[in-house]
1. Could you pull out the chymotrypsin sites (Phe, Trp or Tyr not before Pro) across the stretch 47-96 that fall in loop regions by DSSP (anything but H, G, I, E, B) with no more than 15 other Cβ atoms inside 10 Å?
2. Using 24 Å as the Cα-Cα cut-off, could you pick out the over-long pairs in Lys208/Lys282; Lys31/Lys54; Lys31/Lys252?
3. For a protection proxy built on the mean count of beta-carbon atoms within 10 angstrom, sort 235-243, 80-88, 20-28 highest first, please.
4. Between Arg243 and Asp17, take the C-beta separation as r, use R0 = 35 Å, and let me know the FRET efficiency to the nearest 0.05.
5. Which value in nm describes the separation of the simple spin-label points at Lys208 and Arg297, placed 7 Å from the Cα toward the beta carbon?
6. Using a 7 Å offset from the Cα along the Cα-to-Cβ direction at both Arg188 and Asn86, what is the distance between the two label points in nm, to one decimal?
7. Would you mind ranking His139, His253 so that the residue whose beta carbon has the fewest other beta carbons within 10 Å leads the list?
8. In whole Hz, with x marking every Gly and Pro, tabulate ³J(HN,Hα) for the stretch 121-135 from phi via Karplus 6.51 cos²θ - 1.76 cosθ + 1.60, θ = phi - 60°.
Amino acid sequence: MMAAPEKMQALGELRRDEPMSRHTSWRAGGKADLFFIPASVEDLQVFLRELDAKTPIFWLGVGSNLLVRDGGLRGVVISATGILRNLERIDSYLVRAGSGVPCTQLARQCIRWGLGPSEFFAGIPGTVGGALTMNAGAHGGETWERVESVRTIDRGGEIHQRAPAEYSVGYRSVTGPQNEWFIEAMFRFETGVNASMDTLNRMLERRKTTQPLGLPSCGSVFRNPPGDHAARLIESCGLKGLRVGGAQVSLKHANFIVNLGTATAGDIEQLIDRVQQQVELKTGVRLLREVRILGERA
């Protein structure tokens, strides 16, 4: 699978049988065979070069849009957010941000620099890397509307500079070169826009009052269908409060599924499927998942 464990340990922290419930916002899920935290980008490159080409790789941000099944993940999970936290203003319009930068931090710093529109990033509960991967958005803004260029790393450890034209970007979906992962992005903003910390704080306060932030969840489970909202459809079908084991459709926001404390990944996935089926049966609309589901069933 890889070079000698002691050699790989020198490149960072390598754990075996790591519970993914520690690393996902749902606080549920099985174990990863290997879990690697690189000490630097250079060490990450060496690790990828030494890794067997057949070993599956899973990249982890803050785990806010991820469900790992109870049977866990065969392969290696790479958690590189700690070394990808660079955030700097390049010129009057451009900002360079590492994939490990929290989107809320990006929003706050851009407002301090007087750049916008940037407040919408505060509504994305994850990192820049995750936002790039799924074209995350909030409050009418989407990540790739602001992308000037990206840097990626492939499974051979090579770093690439990519233009937006090399990706097919849609609503909550991004398709581009295979076996590459985002490590950095250059964003283009505008100067002199009415970007204010008050507006950002109001957005965050609204999240607190409308979303179940006190319980483990992944954020929005389903994409909004064209011209409608997933939460409205779910609520119209009388599914608020529906439970499977320790998982429940939130009473506060119908497009959230919360872990009441004892939910397994199996409970959550079963509830996702049940909501999807009931909404399609009653409304004819097939809701598409926003959350990624990985791994093996127990």
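Since every read-out is calculated from the coordinates, none of them should be taken as a lab result. Predicted, not measured: the structure shown is a model, and the values here were computed from it. Positions of Cβ are backbone-derived with ideal geometry, glycine not excepted, and every protein chain shown enters the neighbour counts.
1. Working: sites: Phe47, Phe58, Trp59, Tyr93; in loops: Tyr93.
Hits after loop and neighbour filter: Tyr93.
2. On the way: Lys208/Lys282 30 Å; Lys31/Lys54 19 Å; Lys31/Lys252 31 Å.
Violating the 24 Å Cα-Cα cut-off are Lys208/Lys282; Lys31/Lys252.
3. Values: 235-243: 14.8, 80-88: 17.6, 20-28: 20.7.
Packing order, densest peptide first, comes out as 20-28, 80-88, 235-243.
4. Working: r = 30 Å, r/R0 = 0.86.
The pair Arg243/Asp17 has a calculated efficiency of 0.70.
5. 4.1
6. 2.1
7. On the way: His139 15, His253 21.
In increasing order of surrounding Cβ atoms, one gets His139, His253.
8. 4, 5, x, 9, x, x, 9, 4, x, x, 5, 5, 5, 10, 6
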